[in-house]
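Participant: Have a look at this one.
The values are calculated or read from the model by the stated rules, or taken from the named source; none is laboratory data. Computed from a predicted model, the values in this text were never measured in an experiment. Every residue, glycine as well, gets a Cβ built from its backbone with ideal geometry; the counts of neighbours run over all protein chains shown. Side chains included, ligands, DNA and RNA excluded: accessible areas come from the protein's heavy atoms. Shrake-Rupley method; radii C 1.70, N 1.55, O 1.52, S 1.80 Å.
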Amino acid sequence: MVTVEEVRQAQRAQGLATIMVIGMATPPNCFDQSTFPDYYFRITNSEHKTELKEKFKRMCDKTIIKNRYLHLTEEILIENPNMCTYNAPSLDA
């Protein structure tokens with residue numbers, strides 16, 4: 001019978017750890033923080049939620065974030081409308 005502790009010990013590396021490289025991946029689509037709320041509410045067909053949009057704008061204004069980088073494009077979201085619909089199944093997309 002193998003114990004949990006034996007499994008943990010077997011999974012651990014021996015010796016010193018070395019960081020070989022540090023990388024950073026930035027998605028290709030960049031959005032200015034000041035225009036992001038308008039973009040977000042437009043692509044999610046939520047522009048009628050004006051109170052929520054104003055709240056989101058205030059949140060964006062108070063952060064130190066200048067740009068937002070996204071993998072998703074408007075074309076991808078148009079092709080996969082479930083990605084913009086609340087509670088819609090979208091994991092397959």
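Participant: Output the number of residues of segment 9-44 satisfying the condition of being in a helix (DSSP H, G or I), modelled with pLDDT of 85 or more and open to solvent by 100 Å² or more (accessible area, probe 1.4 Å).
Facilitator: 1
Participant: Could you please tell me which pairs satisfy a Cβ distance under 9 Å, a separation of 6+ or placement on different chains, a first residue in segment 30-56 that is in contact (Cβ under 8 Å) with a residue 24 or more places away in the chain and under 16 Å from residue 69 (Cα atoms), and a second residue that is among the aliphatic types (A, V, I, L, M) and surrounded by fewer than 12 Cβ atoms within 10 Å (Cβ to Cβ)?
Facilitator: 33/65; 36/65; 43/78
Participant: Sticking with this one: So, of the residues in segment 68-87 that are assigned to a helix (DSSP H, G or I) and of a type outside the set (A, V, I, L, M, F, W, C), which turns out to be most open to solvent (accessible area, probe 1.4 Å)?
Facilitator: 79
Participant: Next up: Scan segment 57-93 for residues that are in contact (Cβ under 8 Å) with a residue 40 or more places away in the chain and touching a Leu at 6+ places or on another chain (Cβ under 7 Å) and jot them down.
Facilitator: 84
Participant: Just one of the numbered conditions (1) in a helix (DSSP H, G or I); (2) among the charged types (D, E, K, R); (3) more than 26 Å from residue 25 (Cα to Cα) is not true of residue 47; which one?
Facilitator: For residue 47, the failing item is (1).
Participant: Related question: If you scan segment 50-67, which residues turn out to be open to solvent by 70 Å² or more (accessible area, probe 1.4 Å) and part of a helix (DSSP H, G or I)?
Facilitator: Answer for segment 50-67, where residues must be open to solvent by 70 Å² or more (accessible area, probe 1.4 Å) and part of a helix (DSSP H, G or I): 50, 51, 52, 54, 55, 58, 59, 61, 62.
Participant: Picking from 57, 53, which residue would you name as being touching a Ser or Thr at 6+ places or on another chain (Cβ under 8 Å) and either modelled with pLDDT under 90 or not β-branched (Val, Ile, Thr) (or both)?
Facilitator: Residue meeting the stated conditions: 53.
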